[in-house]
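Take a look at the structure set out below.
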Amino acid sequence: MDIEMKIRGLVMDPSTHAPIVILKDLESDTVLPIWVGLYEANAIALEIEKATAPRPQTHDLLRNMVNGLNARVERVVVTELRNDTFYAVVWMRQDGESVTVDARPSDAIALALRCDCPIYVSEEVLRIAKLAPGASDTSPEELRRWLEGLNDEDLGRYKM
């Protein structure tokens with residue numbers, strides 16, 4: 001089963017200074033941190049802030065291509081966590097048929113924001129992520145407590 005989540009915010013890992021997208025379960029306090037690259041974090045931050053660039057950025061181009069092909073993005077799903085790497089799928093509909101495309105979660109999330117579609121995470125990913133070591137030097141328990149304890153002020157301008 002897939003759990004609908006929202007972007008709680010975008011923060012920097014305190015030990016590695018890598019960007020983290022924080023997804024939060026709509027029904028509980030469960031959070032899922034996903035470490036992303038700087039460019040992907042920037043693409044997500046631009047859309048969170050509703051900033052526009054003079055020319056289409058990569059994820060804007062993807063949205064425009066989907067729309068130009070008379071398709072629509074229905075949802076994105078973080079489907080797997082394997083070898084400390086998250087995997088995602090973009091679900092689209094075109095001419096009444098479902099089409100799925102493999103994607104990095106950061107790209108799927110950036111596209112979901114632009115297409116105003118829901119973000120889901122599989123229950124299995126949430127279960128495995130709770131057991132997996134984090135990408136930082138901090139213990140998984142300390143990192144989870146830190147992430148769950150973030151308030152709007154901590155998230156700064158990238159809160160949702």
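The values are calculated or read from the model by the stated rules, or taken from the named source; none is laboratory data. Here the structure is a predicted model, which means the values were calculated and not measured. Backbone-built Cβ (ideal geometry, glycine too); neighbour counts: all protein chains shown.
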Only one of (1) under 21 Å from Asp2 (Cα atoms); (2) touching a Ser or Thr at 6+ places or on another chain (Cβ under 8 Å); (3) surrounded by 21 or more Cβ atoms within 10 Å (Cβ to Cβ) does not apply to Ala43, and that is (1)
Taking the range 4-17, which residues are under 22 Å from Asp107 (Cβ atoms) and either β-branched (Val, Ile, Thr) or out of contact with any helix residue (DSSP H, G or I) (no Cβ under 8 Å at 6 or more places or on another chain) (or both)? Glu4, Met5, Lys6, Ile7, Val11, Met12, Asp13, Thr16, His17
Output yes when any residue across the range 119-126 is at pLDDT below 95, among the charged types (D, E, K, R) and under 18 Å from the mean Cα position of the chain (by Cα), and no when none is. no
Going through (1) modelled with pLDDT of 95 or more; (2) in contact with a Lys or Arg (Cβ under 8 Å, 6 or more places away or on another chain) one by one, Val101 fails only at (2)
For residues that are of a type in the set (Lys, Arg) and over 14 Å from Ser122 (Cα atoms), tally how many sit in the range 68-99. 2
Going through Asp102, Asp60, Asp107, Asp84 one at a time, which residue ends up being touching a residue at least 24 places away in the same chain (Cβ under 8 Å), loosely packed, with under 13 Cβ neighbours inside 10 Å and of a type in the set (D, E, K, R)? Asp84
If the Cβ limit is 9 Å and pairs must be 6+ apart or interchain, which residue in the range 1-19 that is among the acidic types (Asp, Glu) pairs with which residue that is in a loop (DSSP other than H, G, I, E, B)? Glu4/Leu26; Glu4/Glu27; Glu4/Pro118; Asp13/Gly134; Asp13/Ala135; Asp13/Ser136; Asp13/Thr138
Quick one: would you say Leu46 is hydrophobic (A, V, I, L, M, F, W, C) and at pLDDT below 95? yes
Consider Thr79 against the criteria (1) polar (S, T, N, Q); (2) more than 18 Å from Ile22 (Cα to Cα); (3) in contact with a strand residue (DSSP E or B) (Cβ under 8 Å, 6 or more places away or on another chain): it satisfies all of them except one. Which criterion is unmet? (2)
